[in-house]
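Written out below as structure tokens is the structure these notes cover.
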Amino acid sequence: MNIIAPERTSIALQKNGLCVTLSNNSSQYFNYHWLRDNCPSSFNASTRERSFDIFHLEAAPRAASAHIEGDVLVIDWSGEDHITRFPIEWLKAYSSKKPRYDPADMQREAWYADHYENVPRFSQPELKSNPQTRKAWMEAMLVQGFVILTDMPDTDEALTETANMIGTVRPTFFGDYFDVKTYINPTNSAFTAGALELHTDTPAEEHAPGIQFLHCRANSVDGGMSIYADGVAVANDFRHRDPEGFKLLSEISVPFYCEHDTYDMRSRQTVIELDAHGEVSGLTISQHMLDIIDLPQDLLDKYYPAFCRFGKMLQEEKYMMSFLMKAGECMVFDNHRIVHGRAAYTASSGERYLRGTYTDRAEMRSNYRALVSEGRFKS
């Protein structure tokens with residue numbers, strides 16, 4: 001006969017914390033400061049913020065006693081008229097020593113030159129009316145970093161209301177919006193009819209905006225094919241092809257700038273961006289906004305060749321997706337992941353007009369979490 005012993009939960013009080021034997025028979029240690037600071041009563045259910053200030057305790061928190069009531073750990077605090085009640089299941093969730101689960105932390109899917117037919121497409125009017133379609137849009141952005149919106153009204157307001165669905169318009173030193181046309185005295189390479197190399201936008205900003213919107217209002221010129229590439233795909237391949245070069249470009253920051261009569265923006269960025277998991281999350285690259293690299297000259301003996309190898313790799317045909325933008329479409333893409341550019345066009349052959357703006361990646365992730373997660377306070 002097999003006799004199954006009943007699950008038992010034990011508690012051992014220590015100097016700086018306590019050990020609890022959880023229902024899976026594992027003994028877990030919890031610090032007193034952490035337990036007192038995260039008492040359920042420490043949070044205001046209305047504001048969803050911590051209302052308790054541990055700085056106001058006269059002495060370090062310490063348990064006078066602790067016991068189990070059903071499936072709840074009860075702590076009576078020494079020197080305080082306060083009792084904390086923790087559900088054992090809640091403690092188990094924080095015993096894994098891993099960050100809190102984030103539904104917006106999705107695995108990225110790399111894509112290549114043949115991706116155009118498979119680009120996720122969403123109708124702008126449907127996005128306005130259907131939260132589930134907006135959820136799918138944000139998932140596509142988190143996973144693939146590039147979508148095409150269709151049926152965009154030919155108005156300035158359409159871009160604003162579209163951006164506001166996943167964030168708020170994020171100004172840059174160019175303003176809230178920018179118009180990509182051919183100018184007589186251009187202040188940016190995009191405002192010419194010449195070819196535009198693959199790049200990410202506004203690298204000279206300390207924190208460049210995360211999501212870019214390009215609303216095509218008119219495009220009847222000869223030429224001007226749009227070019228996009230997935231920086232994650234290229235950098236992941238570069239990591240395997242050139243490990244030492246990858247290390248240089250992901251660890252060493254270089255200067256970027258954008259200068260004209262009324263602004264002088266400067267920053268330092270790594271060309272390859274890594275996330276908290278050490279995975280490639282994007283790029284910062286722009287030949288027309290790269291400042292004079294001020295690294296030691298002997299380091300440049302290694303850095304510049306690696307930088308050039310990576311730049312040439314970005315332009316390999318297997319990565320570059322090329323197509324003609326159509327009026328009524330809006331390209332939405334991760335400005336820290338997707339590099340974009342265009343072929344030259346004949347300015348006198350027709351009209352080409354794009355209107356653009358930005359929002360931030362963090363706001364998009366926030367909106368996505370609010371759509372799919374119960375959070376800690378929702379009932």
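The values are calculated or read from the model by the stated rules, or taken from the named source; none is laboratory data. What you see is a predicted model, and the numbers here were worked out from it, not measured in a lab. Methodologically, a virtual Cβ is constructed for each residue, glycine included, from the backbone with ideal geometry; neighbour enumeration extends over all protein chains shown. The protein model used for the area step is the full one, side chains on, heavy atoms only, and it has no ligands, DNA or RNA in it. Shrake-Rupley method; radii C 1.70, N 1.55, O 1.52, S 1.80 Å.
Of the strands (runs of 3 or more DSSP E) lying entirely inside segment 286-378, those containing at least 3 residues that are closer than 19 Å to Asn164 by Cβ and at pLDDT 95 or above span 330-334, 352-359. Annotation: Arg85 fulfils all but one of (1) touching a residue at least 40 places away in the same chain (Cβ under 8 Å); (2) touching a Ser or Thr at 6+ places or on another chain (Cβ under 8 Å); (3) open to solvent by 70 Å² or more (accessible area, probe 1.4 Å); (4) basic (Lys, Arg); the unmet one is (2). Note on segment 324-367: residues that are open to solvent by 10 Å² or more (accessible area, probe 1.4 Å) and touching a helix residue (DSSP H, G or I) at 6+ places or on another chain (Cβ under 8 Å) total 5. Of all residues in segment 121-161, those being in a helix (DSSP H, G or I) and touching a His at 6+ places or on another chain (Cβ under 8 Å) number 2. The single residue among Tyr112, Tyr116 that is under 21 Å from the mean Cα position of the chain (by Cα), at pLDDT 95 or above, surrounded by fewer than 17 Cβ atoms within 10 Å (Cβ to Cβ) and within 23 Å of Ser322 (Cβ to Cβ) turns out to be Tyr112.
Residues that are surrounded by fewer than 22 Cβ atoms within 10 Å (Cβ to Cβ), in a helix (DSSP H, G or I) and touching a helix residue (DSSP H, G or I) at 6+ places or on another chain (Cβ under 9 Å) occur in segment 249-263; there is at least one. Cβ separations smaller than 6 Å between residues 6+ apart or across chains give the following pairs from segment 25-39 residues that are open to solvent by 80 Å² or more (accessible area, probe 1.4 Å) to residues that are hydrophobic (A, V, I, L, M, F, W, C): Tyr29/Cys19.
Arg100 meets each of the listed conditions (1) touching a residue at least 40 places away in the same chain (Cβ under 8 Å); (2) within 21 Å of Ala370 (Cα to Cα) apart from (1). Being crowded, with 18+ Cβ neighbours inside 10 Å and either more than 30 Å from Pro99 (Cβ to Cβ) or touching a residue at least 24 places away in the same chain (Cβ under 8 Å) (or both) is the requirement here; does His215 meet it? Considered against the rule, which asks whether it is crowded, with 18+ Cβ neighbours inside 10 Å and either more than 30 Å from Pro99 (Cβ to Cβ) or touching a residue at least 24 places away in the same chain (Cβ under 8 Å) (or both), His215 comes out as yes.
Among residues of segment 280-303 being open to solvent by 90 Å² or more (accessible area, probe 1.4 Å) and out of contact with any Asp or Glu (no Cβ under 8 Å at 6 or more places or on another chain), the one that is nearest to Val234 (Cα to Cα) is Asp301.
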